[in-house]
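K.L.:
Just passing along the structure, written as structure tokens.
The values are calculated or read from the model by the stated rules, or taken from the named source; none is laboratory data. The model shown is predicted, which means the values in this text are computed figures rather than measured ones. Counting neighbours? That spans all protein chains shown, and the Cβs are built from the backbone with ideal geometry, glycine included.
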Amino acid sequence: MNSLERFLAAASFSPADRIPSAPQVYGLAAVMAGVTIYQYIHCGKVMADCQWAAQQTLGYDALFVYGGNAVEAEALGCSLAYPSHYYPHIVKPVLESWQDWGKLKPVPNCQAGIFSVLQQACGILRQRAEDNIPVIGIVTGPVTLAGQILGIEKLLFTLADEPEGFLRLLKRTTEASLQFARLLLRAGAHIIMLNDPSASPNLIPKNMYAEMVLPFQQAILQELRSLKPFLLWLQIVGYTWGILPGMAQAGADLLTVDYQVDLAEARTLAPAAALAGNLKPLSFVMDGPEFIAQEIGALCKKMGHDPGKNGWILSSGCEIPPESRVENIRMLVEKPAGEKPNKPI
């Protein structure tokens, strides 16, 4: 089987030759290639070359297109700072109040700014990978994007004091997230990951997720489904135990489970959804390959050893830090390959 086939098998709970592995290697690919993240996010070919080299060297099952979660906010009018060795960050939100939403720039319909780099990288990687390795385009979700263009503190006050304003702002950012996702699909992405970390119960009270956040994520994923991507992936980080049943209703094929949630418990909360996770990202920096191997073994014990049939992709709970140890990444391919299935496939 090739890597895309393994992904599709996991999403449909079908047999595969091994457990698919998708460590979320983004900026680490630049570090491995000896280029700065500034260079990486400013040239589509550099990003594609780095992603391709990292995947070919380590043998995992995915290629990721990501320039930091401020890229979409910049396209809407936020001012960013660009460190040389890490992702850009917002220095000035574009809105002072949710009522200023009319100040947002129109979502680009073609190549513009840093977001054009992601489109270029998608196109180059799709041409190289064909339909053998999934190209995963990562788009910032509506809550996270709202927190960037307004400021997360103001967004939370708006949620508490002016919930109608919160909903109106999310309507606007939903339109933006959807358009950015369309652009990546048209550029060549097989899979769209809707990455919405600020929708986590660590920030948004879990009782508000189903009522005030889920409908917007559903709208994005439902519309994207009509464009016939290979898969849709929803990622919300943190302690998502209380919202996992809701996440399973969002319409994604694959849900990220961060390390703060037990993977076996996540399976009971979202029995019909394929899961990705859930190694602790910082472990790839702080610990060694023996520890990573032990953690993978424990996850395999929880999820079962029948590749694909358990609806599970071995991954990190979110991005693996650019400072990570490369030998730790290798374990995500080597350790599962050494695990014995419960039954022959």
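K.L.:
Checking the structure you have, find out if any residue of the stretch 85-92 is surrounded by 15 or more Cβ atoms within 10 Å (Cβ to Cβ), of a type in the set (A, V, I, L, M) and at pLDDT below 95.
P.N.:
yes
K.L.:
Moving to a separate point now. List the pairs whose first member sits in the stretch 50-68 and is closer than 13 Å to residue 129 by Cα, whose second member is part of a loop (DSSP other than H, G, I, E, B) and hydroxyl-bearing (Ser, Thr, Tyr), and whose Cβ atoms are under 6 Å apart, counting only residues at least 6 apart or on separate chains?
P.N.:
64/26
K.L.:
Filter the stretch 230-256 down to the residues that are more than 16 Å from residue 24 (Cα to Cα) and of a type in the set (Phe, Trp, Tyr), then identify the one that is surrounded by the fewest Cβ atoms within 10 Å (Cβ to Cβ).
P.N.:
Looking at the filtered set, the residue picked out is 239.
K.L.:
Just one of (1) buried (at least 24 other Cβ atoms within 10 Å of the Cβ); (2) within 17 Å of the chain's Cα centre (by Cα) trips up residue 147, so point out which.
P.N.:
That leaves (2) as the condition not met.
K.L.:
I want to confirm something. Restricting to the stretch 31-84 and keeping residues that are among the β-branched types (Val, Ile, Thr) and either over 21 Å from the mean Cα position of the chain (by Cα) or assigned to a loop (DSSP other than H, G, I, E, B) (or both), which single residue is nearest to residue 190 (Cα to Cα)?
P.N.:
Per the criteria, the residue is 57.
K.L.:
Over 21 Å from the mean Cα position of the chain (by Cα), more than 25 Å from residue 223 (Cα to Cα), of a type in the set (Asp, Glu) and in a loop (DSSP other than H, G, I, E, B), is that true of residue 153?
P.N.:
Considered against the rule, which asks whether it is over 21 Å from the mean Cα position of the chain (by Cα), more than 25 Å from residue 223 (Cα to Cα), of a type in the set (Asp, Glu) and in a loop (DSSP other than H, G, I, E, B), residue 153 comes out as no.
K.L.:
Moving on to the next point. Just to be sure before I move on: is residue 111 modelled with pLDDT under 95 and under 17 Å from residue 177 (Cα atoms) in the structure I sent? Quick ask: steps written out before the conclusion?
P.N.:
Values: modelled with pLDDT under 95: yes; under 17 Å from residue 177 (Cα atoms): yes.
So residue 111 passes the test.
K.L.:
Restricting to the stretch 320-329, and then to whatever is crowded, with 18+ Cβ neighbours inside 10 Å and not in a loop (DSSP other than H, G, I, E, B), can you tell me which residue is nearest to the chain's Cα centre (by Cα)?
P.N.:
Checked the stretch 320-329; the qualifying residue nearest to the chain's Cα centre (by Cα) is 320.
K.L.:
Evaluate the stretch 288-308: report whether one residue or more is touching a Phe, Trp or Tyr at 6+ places or on another chain (Cβ under 6 Å), at positive phi and assigned to a loop (DSSP other than H, G, I, E, B).
P.N.:
no
K.L.:
Out of (1) more than 21 Å from residue 126 (Cβ to Cβ); (2) of a type outside the set (Phe, Trp, Tyr); (3) in contact with a Cys (Cβ under 7 Å, 6 or more places away or on another chain), what's the single condition that is false for residue 29?
P.N.:
Among (1) more than 21 Å from residue 126 (Cβ to Cβ); (2) of a type outside the set (Phe, Trp, Tyr); (3) in contact with a Cys (Cβ under 7 Å, 6 or more places away or on another chain), residue 29 violates only (1).
K.L.:
Can I ask one more? If I filter the stretch 200-229 down to residues being within 11 Å of residue 243 (Cα to Cα) and touching a residue at least 40 places away in the same chain (Cβ under 8 Å), which single residue comes out as surrounded by the most Cβ atoms within 10 Å (Cβ to Cβ)?
P.N.:
So the residue we want is 213.
K.L.:
Still on this model: So which of 170, 184 is crowded, with 24+ Cβ neighbours inside 10 Å and either out of contact with any Cys (no Cβ under 9 Å at 6 or more places or on another chain) or in a strand (DSSP E or B) (or both)?
P.N.:
170
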